[in-house]
Amino acid sequence: MAVANAVEWTRRHLIGLEDLSREEIELVLDTAPQFLAVQQRESGIKKVPLLQGRLVVNLFLEPSTRTRVSFELAAKRLSADTLTFTSANSSAVKGESLHDTLANIEAMHSDIVIIRSGFAGAAAILARRHRSHIINAGDGAHEHPTQALLDAFTIRQHVRARRDDPEATLDGLRVAIIGDIANSRVARSNIWGLTKLGAHVTVCGPRTMMPPHIERMGVEVTSDLREALVGADVVYALRIQLERQATGAFPSLREYIRLFRVDNDSLKVAPRHALIMHPGPINRDIELAADVADGPRSVILEQVSNGVAVRMAVMHLLANSASVAPEGPL
Amino acid sequence: MPDAAANTPPATVLMSAEALADTLRDVARRIITGHAGHEVVLLGILRRGRPLADRIADAIESMSGTRPKIGSLATTLYRDDIRAGKARLSAPQGQTHFDFDVDGAYIVLVDDVLYSGRTVRAALDEIMDYGRPARIQLACLIDRGLRELPIQADYLGLAISTQPRDHIAVRLAELDGEDAVLLEPGPAVG
């Protein structure tokens, strides 16, 4: 029998996967399956009382539907009460500072605050000054840790099923991440997470979308889609932010599609078992061909289902572990 | 603590492998008697309740010819110490799994040691979230006293009185390579 992961959860906040050890990431992944089972109950009540009476606040200062809804459902499935502030109706538009906004939320005795912001570092800054558990739901181009955790969880489930080994890890797995790497917090969190879990990551995109010195994160870099897809166990297409075309960092859309679209033609060099992933929402037939997104290799909707379970695991660990210091460092 | 070993009395065998087998057969016989006209299902509380439930099911099958359905209950998501933030959280050791409908079922919960009663309370809450059983009963190998909730076993192997510092070691072939129940006394006070 394999030695169980004995690490205890000690963190008060989840800011980024850069901060976490491999063991801590695996603890989140190991904690999630029981919550997947809660959602899949065929009869009875699809929730558990782990956060009963606790207040979870969604503070979304950037547009997002699926991440916000996923966190909200995760909180409800843990029996928490939930409140949601979005940029359209928050006082941020009236000029209130982020600290003031959070101070007002905390005056209502919040236990967990989930923050999405356009500014890299927003979650970390709040975590240093406030009492609630802070979960980063995306801060600028910095990190989106729960997305990378649910991606790693989804990959691990498939690796374990394919190898018929309930203990299989991501060690040696080849993952290709395709798209606008420079502006992607999803890519950054996934690079931190996947490399810590032992996977071999290749990033691929136009040179203009590649951050300088990205290879220092322990990844291979290429602008040749074919090279990225050869031998890839996982093909992860990032969302192209069409609004960024105007900035000039973007080649023409037609050129992007010709060189970087993941479709049945470009996938010919990838193994048959390769998983197709995307963080959503998809620009169909731009970064990812519609028939591939809907095809048998696609696990995109599983990512969504797994996201709720993984976010339940994160909230449960942050808010319930006795090893978490009431005050103190991140 | 260098003195602990010197002050610790030796372990006592509460049940040998033979006594454990006899106890499980006796529990099985009483479960059959207690379920005349009703189909019984067994839910083993993880970890050691599950192999005990498997063995009770074997005994029920050999005596009555019918093997009861079996499932596993983790109870983790319903534990009051976790909800109160009093447990250090590490990777869970197992997961609730059963593939029968609990609505109207006659359930026997199976666990190794009955102590505070809090695990059984969590198990009852967990089962109730899946439906409304006709009846839930409890089978335990050892009742060591020191209850903190009004819970008792319907089918019991052995009742003893213990101190909180004592440890009851239930060793099962499936997990520990041998069958035995030991009382390992804590260090003597004073």
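Determine how many Å³ per residue the convex hull of the Cα atoms of chain B encloses. Don't jump to the answer; show the numbers that get you there.
Numbers: hull volume 26.6 nm³, N = 190.
Normalising the Cα hull of chain B by residue number yields 140 Å³.
Please list the helices of chain A that count as membrane-span-like by this rule: a mean Kyte-Doolittle hydropathy of at least -1.0 together with Cα atoms stretching 24 Å or more along the helix axis, each helix being a complete DSSP H run. Mind dumping the intermediate values first?
Numbers: long enough: A:145-163 (27 Å, -0.54); A:300-320 (30 Å, 0.90).
Helix filter hits for chain A: A:145-163, A:300-320.
How high is the relative contact order of the stretch A:145-304? Use alpha-carbon pairs under 8 Å, at least six apart in sequence, and give a whole percent. Display every interim value, and only then the final one.
Values: 280 pairs, mean separation 35.6, N = 160.
Across the stretch A:145-304, relative contact order equals 22 percent.
Along the charge dipole of chain B, which of B:Gly94, B:Leu141, B:Val120 sits closest to the positive end, that is, farthest toward it, with unit charges on the beta carbon of Lys, Arg, Asp and Glu (+1, +1, -1, -1)?
B:Val120
Give, rounded to the nearest 20 debye, the magnitude of the charge dipole that the stretch A:145-304 has about its Cα centre when Lys and Arg contribute +1 at Cβ and Asp and Glu contribute -1 at Cβ. Can you show the working numbers first?
Working: 20 positive and 20 negative charges, 39 e Å.
With only Lys, Arg, Asp and Glu charged at Cβ, the dipole is about 180 debye.
From Cα coordinates alone, what are the radius of gyration and Dmax values for the stretch A:19-69 in angstrom?
14.7, 39
On alpha carbon coordinates alone, what is the Rg over Rh value for the stretch A:161-259, Rh being the Kirkwood radius?
Radius of gyration over Kirkwood radius for the stretch A:161-259 works out to 1.01.
Just the C-alpha atoms of the stretch A:1-131: what Rg/Rh do they give, with Rh taken as the Kirkwood radius?
Working: Rg = 16.5 Å, Rh = 16.5 Å.
Rg/Rh for the stretch A:1-131 comes to 1.00.
What net charge is computed for the residues neighbouring A:Leu51, neighbours being all others with C-beta under 13 Å from the C-beta of A:Leu51, Lys and Arg scored +1, Asp and Glu -1? Please report the intermediate quantities before stating the final value.
On the way: positive: A:Lys47, A:Arg54, A:Lys76, A:Arg77, A:Arg311, B:Arg83; negative: A:Glu72, A:Asp81, A:Asp111.
Once all neighbours under 13 Å are counted, the net charge is +3.
Cα atoms only, chain A: Rg and Dmax in Å?
For chain A, the Cα-based Rg and Dmax read 19.5, 58 Å.
Once phi is turned into θ = phi - 60°, what whole-Hz ³J(HN,Hα) does the Karplus curve with 6.51, -1.76 and 1.60 give for every residue of the stretch B:129-137, x standing for Gly and Pro?
Once θ is set to phi - 60°, the couplings for the stretch B:129-137 become 6, 8, x, 10, x, 5, 6, 10, 10 Hz.
Amide H to amide H under 5 Å from A:Arg174: which residues, 5+ apart in sequence or cross-chain, H placed 1.01 Å off N in plane?
When sequence neighbours closer than 5 places are left aside, the close amide H contacts are A:His200, A:Asp233, A:Val234.
Under 14 Å from the 7 Å Cα→Cβ point of A:His273, by amide nitrogen: which residues of the stretch A:164-197?
Only A:164-175 fall inside the zone, counting backbone N under 14 Å.
What does the average come to when, for each residue of peptide A:41-54, you count the partner chain Cβ atoms lying within 10 Å of its Cβ? Please report the intermediate quantities before stating the final value.
Numbers: counts 4, 4, 6, 10, 4, 1, 2, 7, 10, 6, 1, 1, 1, 1.
Mean shielding by partner chains, rounded to a whole number: 4.
Read-outs: derived from the displayed coordinates by stated rules, not from any lab. As the structure is a prediction and not an experimental result, all values here were calculated from the model. Heads up, the Cβs are rebuilt from the backbone with ideal geometry, glycines too, and the neighbour counts pull from every protein chain shown.
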